[in-house]
Amino acid sequence: MHTTWLNLLVTSFLVLFTNQAFFKNVAAAYPDTPQTFVFITSLGILLAGFILLLLTLLSWRPITRALLIAVLLLASVTAYFMDSYNVVIDTGMIRNIMQTDIRESLDLFDVRLLVYVLLLGLLPALFVLRAPLKVRPLRHELLAKLKVTGIVALIITSQLLLFGKAYASFFREHKPLRYYSNPLTGIWSTGKYLAESGAAEPLVVAALGTDAVNHTLDGQRELVVLVVGETARADRFSLNGYTRETNPLLSREDVISLPNMQACGTSTAVSVPCLFSGLGRDGYSDDRARRRENLLDVLAHAGVHVLWRDNNAGSKGVADRVDYQDFSSPEYNPVCDEECRDEGMLAGLQDYIDSTGKGDVFIVLHQMGNHGPAYYKRYPPEFEHFAPVCRTNQLEECSQEEIDNAYDNAILYTDYFLSEVIDLLRRNDGHFQTALMYVSDHGESLGEHGIYLHGLPWLMAPDNQKQVAALFWFGADFKRIDVAALRRASAADWSHDNVFHTVLGLLDIETAVYEPELDITRTAQAERQLTRN
């Protein structure tokens, strides 16, 4: 068999068997008419043309089999996640995968994944491995590739000319659909990620906020806790009007909820470093954030005691230069059953606070929260208030009620955890001005429009993945904040861009990188003053 025919067979297999999500989403975007069927057929031909062109250009004699096997395996895994959760494998998702620990990865594995890999990856890979290939002189190989490239180029051009108006509309109005093309998007995204990682210059971290000074006016120490939530949607907090009582404990506290908080990204790998970077969503990139210090460094420059406790998959580089404690294993977390619980991060925390001696204290608690898809694992059994629940990571196999119940139970546990943090802060009121800020890293899709989990590219991600839960609580001695003004401004549109400057404001940090107009507490007070005038 000539390599050309093997490439054509693999291409046909990929288009017919690993692109269900692509054709399904295209069909959903167009009316059910004969014209749509013809256009989708043309799209299949176009997709096959691009895949065959790519394989033709990349498959040279020494690596042909290895290349095709790698493509088949990548396509089989991609097909599983796209078919199961309607996610796409873009560069951001590749970054998420590379930064995910084994504990999170296991939640995504299922027998169906093995079936996909076996049927769509390993079996065709075995065929590729055993297929007899003709060895041709290099000159003949080059001529064959030129012929294939020319023919494919003619086919692609003919389709674009025959359906010009339809393609013009497709590329203009339905750009996100291209992310579902398998394996083109996965190959492109993987290549882009590797190129960015491999071509990066040696990492030099630029200093930030070295002029930072702590100007506490009344001389009383401050204790501020920032809880970074995981996958908590704003619309699932009863504090924000959700009909289910998911915040029974927080509703008894004098908390100020921010119902219109927008995330910096749709994944932890983006949102967490962006949240602390001070770059803002528009100015953020992974490379820029890694090459400069962040909020924690600025606080350290000002003499604040900084501690990061983590029950998730790490700080994504944010806490590399401050005290960091991992609570994701029973070795350090005393509250573990099926998995280690967020409340375990409070163990020994009072001892740490007492040991700081002088100066303000800033503590970050990074939750496991509502990390999906195994929401039923995210809370102890006593918090299973809503039933029945989805007890599988195959969310499409569960009813919407079962998914909602499991997710809401995890929100209930976060409600309990935050109330415990408040109790800890309240016990320190006599020695500190205490405050809590909670903000989730991103939201979650729970089956709306057939989409699950998170991590879609920003332009195609639904609001459920962008709008996150956030709130404040202030101790009795925290007098500098105009709580009434903040409560009135709480329903305004805020975002992760505000967190960096709000924390600096809460701790009275004076530095050139502080922008008071982005400080939620100062903005609220300024608006009140403006109203008075």
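Summary of computed values
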| read-out | value |
| --- | --- |
| Per residue accessible area of the chain, 1.4 Å probe, in Å² | 43 |
| Compactness index (Cα Rg / 2.2 N^0.38 Å), the range 472-519 | 1.17 |
| Helix runs (DSSP H) in the chain reaching 27 Å along axis by Cα, Kyte-Doolittle at least 1.6 | 34-58 |
| Residue-level accessible surface for Met82, protein heavy atoms, 1.4 Å, Å² | 10 |
| Candidate residues Lys479, Lys192: accessible-area rank, largest first, probe 1.4 Å | Lys479, Lys192 |
| Accessible area in the full protein assembly, largest first, 1.4 Å probe, for Trp473, Trp188, Trp458, Trp5 | Trp188, Trp5, Trp458, Trp473 |
| Residue order for Ser158, Ser445 - accessible surface, 1.4 angstrom probe, largest first | Ser158, Ser445 |
| Tail weight of P(r) past 19 Å, computed on alpha-carbon pairs of the range 180-279, percent | 70 |
| Fraction of the pair-distance distribution of the range 252-380 above 20 Å, Cα-Cα pairs, percent | 54 |
| Dipole of the chain, positive direction: furthest Cα of Thr3, Ala168, Ala48, with charges on the beta-carbon | Thr3 |
| For the range 25-83, the fraction of alpha-carbon pairs in successive 5 Å shells from zero, as % | 4, 15, 16, 19, 17, 14, 8, 5, 2, 0 |
| Rounded to the nearest 10 Å², the accessible area of Val77 at probe 1.4 Å | 60 |
| Rg followed by Dmax, in Å, when the range 72-173 is reduced to its Cα trace | 19.7, 51 |
| Rounded to 5, percent antiparallel among DSSP beta bridges of the chain | 35 |
| Compactness of the chain as Cα Rg over 2.2 N^0.38 Å, two decimals | 1.10 |
| Pairs beyond 28 Å (Cα-Cα), from Lys145/Lys175; Lys358/Lys479; Lys145/Lys192 | Lys145/Lys175 |
| Cα-based convex hull, the range 339-477, per residue volume (Å³, whole number) | 127 |
| Surface/4 of the Cα convex hull for the range 370-443, nm² | 5.6 |
| Cα pair distances in the range 1-150, grouped into 5 Å bins until the bin that holds the longest one, percent each | 2, 8, 15, 18, 17, 15, 12, 8, 4, 1, 0 |
| Heavy atoms of Lys316 accessible to a 1.4 Å probe, total area in Å² rounded to 10 | 50 |
| Cα pair distances exceeding 14 angstrom across the range 413-498, given as percent | 72 |
| Approximate shape of the range 96-247 as ellipsoid semi-axes (Cα gyration tensor, √5λ), whole Å, largest first | 50, 26, 24 |
| Stretch gain in nm, segment Asp32-Thr356, where the contour uses 0.36 nm per residue and the Cα spacing is subtracted | 110.0 nm |
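The values are calculated or read from the model by the stated rules, or taken from the named source; none is laboratory data. Remember, it's a predicted structure, so these values are computed and weren't measured experimentally. Glycine also receives a Cβ, built like all others from the backbone with ideal geometry; neighbour counts cover every protein chain displayed. The area values use the complete protein model at the heavy-atom level, side chains included, leaving out ligands, DNA and RNA. Shrake-Rupley method; radii C 1.70, N 1.55, O 1.52, S 1.80 Å.
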